[in-house]
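Visitor: Supplied in structure tokens, the structure appears directly below.
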Amino acid sequence: MYSFEPSDEQKMLIDAVSRYATSDLRKAAHDAEENKELPPKLISKGWELGVLQASIPEAYGGFGERSAVTGALAAEELACGDLAGALAVGTPGLFALPILLAGSEEQKQQYLLPVIAADWKAYTAALIEASFDFDPNELKTTAKAEGSDYILTGEKTFVPYADKAEAMIVYARLEKETKAFIVPKEAAGLKVGAEREKWMGLNAIPFFKVTLDGVKVPKANLLPGDFSLVLDSSRVAVAAMAIGVAKASFGYSRDYAKDRDVFGVKVAQKQAIAFMLAEMVTEIEAIRLLVWEAAWAIDNKKEDASQKAYLAVTGAIDLAMMVTDRAVQILGGHGYIREHPVELWMRNGRGFAAFTGLAMV
């Protein structure tokens, strides 16, 4: 059975992450969103906490063993500070963790150390495609064998830091299976969009479209492992971050309701508002348990880990939208003003249904 008591190592890591999220990310979030840029020093400070490094064995440059539970705990705290900052700090994990999970021993030895042992650099991944029926198991981007190489053809969207990426993991359909390929930045035929994509939220992170026009990579760049391991890890990460955004929204709206007077009565004393707050926190606690159970199932290689990860992310997507929307309602007219963070959390929360592949634990 799994335990709800974090280890001493987990407590130390999460405490450090929580302080950074509250003292640094939360304070910088508004200006970063307005200016469309996260300060590099802010990202570097988050990187130095070692969340990804703690998931990589010492043999590959890290100082720990991968734990989806620990990753989920950290992802929630980071996103509670700011979702854009959480995704930015974790972007190199989009490259490193698939190699750890599905790569060969040679790939781990070759590619992990340059990511883990150095300062934060833009290593990224390209999974999402601009299709209303996007399914990570039914990609339109294709890979075809040609001699000693694979030829990648297709278009990707929502690729963070693609313009500066040292290398990226590209997902493509190979013989009816989704597989991952390591693509270096200088690969011929790899084209990054000239302009950043424009989204409803997450404006502090640069996202780009990526076109693969007959990109040739050697067969040694194919990750031989199972894509489902990568997908489960991403779903748990996205779900944990959705909880973080919901937790931030609940806490802010609760405190506002307790302090705000309307006709001589605190907003929190209004029965309708009190019921809203009670339902918000109840759902947060319930979905968090789903996420922890899914992460535990991944760590323990349970047969139903994929099912649990899917249930967790499905519940978390609805949770983020419900809680962030109600936070805006509780603030009334102030909820629509950009000086209060709830409107940003609602914009970011609305996107979780499309965030598959943007986070990993």
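The values are calculated or read from the model by the stated rules, or taken from the named source; none is laboratory data. Remember, it's a predicted structure, so these values are computed and weren't measured experimentally. Cβ: placed from backbone, ideal geometry, glycine included. Neighbour counts: every protein chain shown.
Visitor: Which condition from (1) assigned to a strand (DSSP E or B); (2) out of contact with any Pro (no Cβ under 9 Å at 6 or more places or on another chain); (3) under 22 Å from Tyr310 (Cα atoms) is the one that Thr178 breaks?
Guide: Result: Thr178 passes all but (2).
Visitor: Check region 3-24 and report whether any residue there is touching a residue at least 60 places away in the same chain (Cβ under 8 Å), touching a Pro at 6+ places or on another chain (Cβ under 8 Å) and closer than 19 Å to Ser249 by Cα.
Guide: No: region 3-24 contains no residue that is touching a residue at least 60 places away in the same chain (Cβ under 8 Å), touching a Pro at 6+ places or on another chain (Cβ under 8 Å) and closer than 19 Å to Ser249 by Cα.
Visitor: Here are some residues: Lys270, Lys266, Lys176. Which one is at pLDDT below 95, assigned by TED's automatic domain parsing to the domain that holds Asn137 and more than 15 Å from Thr124 (Cα to Cα)?
Guide: Numbers: Lys270 fails: assigned by TED's automatic domain parsing to the domain that holds Asn137; Lys266 fails: assigned by TED's automatic domain parsing to the domain that holds Asn137.
The match here is Lys176.
Visitor: When residues of region 95-132 are filtered for being part of a helix (DSSP H, G or I) and crowded, with 18+ Cβ neighbours inside 10 Å, how many remain?
Guide: The number of residues fulfilling the criteria is 14.
Visitor: Report yes if some residue within region 42-53 is out of contact with any helix residue (DSSP H, G or I) (no Cβ under 8 Å at 6 or more places or on another chain) and either under 23 Å from Asp226 (Cα atoms) or not assigned by TED's automatic domain parsing to the domain that holds Arg288 (or both); otherwise report no. Break it down into steps so the answer makes sense when it comes.
Guide: Our first condition is that a residue be out of contact with any helix residue (DSSP H, G or I) (no Cβ under 8 Å at 6 or more places or on another chain); within region 42-53, this holds for 44, 48.
Subset that is either under 23 Å from Asp226 (Cα atoms) or not assigned by TED's automatic domain parsing to the domain that holds Arg288 (or both): 44, 48.
Checking region 42-53: at least one residue is out of contact with any helix residue (DSSP H, G or I) (no Cβ under 8 Å at 6 or more places or on another chain) and either under 23 Å from Asp226 (Cα atoms) or not assigned by TED's automatic domain parsing to the domain that holds Arg288 (or both).
Visitor: Of all the residues that make up region 308-346, how many are assigned to a helix (DSSP H, G or I) and either under 19 Å from Ile128 (Cα atoms) or among the hydrophobic types (A, V, I, L, M, F, W, C) (or both)?
Guide: Start the filter on region 308-346 by keeping residues that are assigned to a helix (DSSP H, G or I), which leaves 308-336, 342-346.
Among the residues that remain, those that are also either under 19 Å from Ile128 (Cα atoms) or among the hydrophobic types (A, V, I, L, M, F, W, C) (or both) are: 309-314, 316-317, 319-323, 327-328, 330-331, 342, 344-346.
The qualifying residues number 21.
Visitor: Conditions: (1) of a type outside the set (A, V, I, L, M, F, W, C); (2) surrounded by 18 or more Cβ atoms within 10 Å (Cβ to Cβ); (3) in a helix (DSSP H, G or I). Lys209 meets all but one. Number of the miss?
Guide: The one condition Lys209 does not meet is (3).
To keep it simple, each residue is scored yes or no on (1) among the acidic types (Asp, Glu); (2) under 17 Å from the mean Cα position of the chain (by Cα).
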site: Ala297; (1), (2): no, no
site: Asp304; (1), (2): yes, no
site: Tyr310; (1), (2): no, yes
site: Ala327; (1), (2): no, no
site: Ile330; (1), (2): no, no
site: Tyr336; (1), (2): no, no
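Visitor: Do you know which of the residues in region 301-335 that are more than 30 Å from Arg260 (Cβ to Cβ) and without any contact (Cβ under 8 Å) to a residue 40 or more places away in the chain is surrounded by the most Cβ atoms within 10 Å (Cβ to Cβ)?
Guide: Lys308
Visitor: Regarding Glu343, is this residue surrounded by fewer than 22 Cβ atoms within 10 Å (Cβ to Cβ), in contact (Cβ under 8 Å) with a residue 24 or more places away in the chain and not hydrophobic (A, V, I, L, M, F, W, C)? Steps first, answer last, please.
Guide: Numbers: surrounded by fewer than 22 Cβ atoms within 10 Å (Cβ to Cβ): yes; in contact (Cβ under 8 Å) with a residue 24 or more places away in the chain: no; not hydrophobic (A, V, I, L, M, F, W, C): yes.
So Glu343 does not fit the description; no.
Visitor: Still on this model: Which condition number does Asp135 fail, the rest of (1) farther than 30 Å from Leu42 by Cα; (2) surrounded by fewer than 17 Cβ atoms within 10 Å (Cβ to Cβ); (3) in contact (Cβ under 8 Å) with a residue 12 or more places away in the chain being met?
Guide: (3) is the only condition that Asp135 fails.
Visitor: Moving on to the next point. Of the conditions (1) modelled with pLDDT of 95 or more; (2) assigned to a helix (DSSP H, G or I); (3) aliphatic (A, V, I, L, M); (4) closer than 21 Å to Leu94 by Cβ, Leu38 satisfies every one except a single condition; which number is it?
Guide: Tallying (1) modelled with pLDDT of 95 or more; (2) assigned to a helix (DSSP H, G or I); (3) aliphatic (A, V, I, L, M); (4) closer than 21 Å to Leu94 by Cβ, Leu38 fails exactly one: (2).
Visitor: Next question, about the same structure. Out of Leu52, Leu25, report the one residue that is over 26 Å from Tyr111 (Cα atoms) and of a type in the set (A, V, I, L, M). Quick ask: steps written out before the conclusion?
Guide: Values: Leu52 fails: over 26 Å from Tyr111 (Cα atoms).
Result of the check over Leu52, Leu25: Leu25.
Visitor: Answer yes or no as to whether Pro92 is crowded, with 20+ Cβ neighbours inside 10 Å, under 19 Å from the mean Cα position of the chain (by Cα) and modelled with pLDDT of 95 or more. Talk me through it step by step, then tell me what you get.
Guide: Values: crowded, with 20+ Cβ neighbours inside 10 Å: yes; under 19 Å from the mean Cα position of the chain (by Cα): yes; modelled with pLDDT of 95 or more: yes.
Judged against the criteria, Pro92 is a match.
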